[in-house]
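K.L.:
Let me give you the structure first, and then I'll get to my questions.
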Amino acid sequence: MVAPADVPAPPVPQTIAMTSGADGLTHRVAEVALGEALLAGRGTSPALCGHTVLVTSLGAEPGRPCPRCAARTAGRPGS
Ligand SMILES: [Zn+2]
């Protein structure tokens with residue numbers, strides 16, 4: 001029998017920190033999702049937490065880390 005805590009979490013993709021102009025938080029956006037958004041000519045990309053980040057905010061000042069994105073990348077090296 002396996003306890004729920006022993007079930008490995010699903011893999012989290014490589015991410016980039018992006019500050020959203022909408023809420024001022026720095027979210028984690030999957031590199032794949034950002035690449036797809038840029039190739040499709042979209043100005044937005046979904047963050048790990050589900051927030052939609054404006055790609056135009058790449059040069060924005062860093063904001064407070066998004067707690068929901070942080071929870072999804074916790075324990076990973078280099079994040
Ligand atoms: Zn977030």
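K.L.:
Taking interchain pairs and intrachain pairs at least six residues apart, which have beta carbon atoms under 6 angstrom, with the first residue in the range 13-29 and touching a residue at least 40 places away in the same chain (Cβ under 8 Å) and at positive phi and the second in a loop (DSSP other than H, G, I, E, B) and within 11 Å of the ligand (Cβ to nearest atom)?
P.N.:
Filtered contacts from the range 13-29: 24/63.
K.L.:
Which residues, taken from the range 19-63, are surrounded by fewer than 17 Cβ atoms within 10 Å (Cβ to Cβ), of a type outside the set (A, V, I, L, M) and modelled with pLDDT under 85?
P.N.:
Passing the criteria: 21, 43, 56, 59, 61, 62.
K.L.:
Sticking with this one: May I ask you to list the residues in the range 26-44 that are outside any loop (DSSP other than H, G, I, E, B) and either over 11 Å from residue 15 (Cβ atoms) or near the ligand (Cβ under 10 Å from one of its atoms) (or both)?
P.N.:
To start, the set of residues in the range 26-44 that are outside any loop (DSSP other than H, G, I, E, B) comprises 26-39, 44.
Across the range 26-44, the qualifying residues are 26, 27, 28, 29, 35, 36, 37, 38, 39, 44.
The values are calculated or read from the model by the stated rules, or taken from the named source; none is laboratory data. All of these numbers come straight from a predicted model, not from anything done at the bench. Every residue, glycine among them, receives a Cβ derived from its backbone with ideal geometry; neighbour counts consider all protein chains shown.
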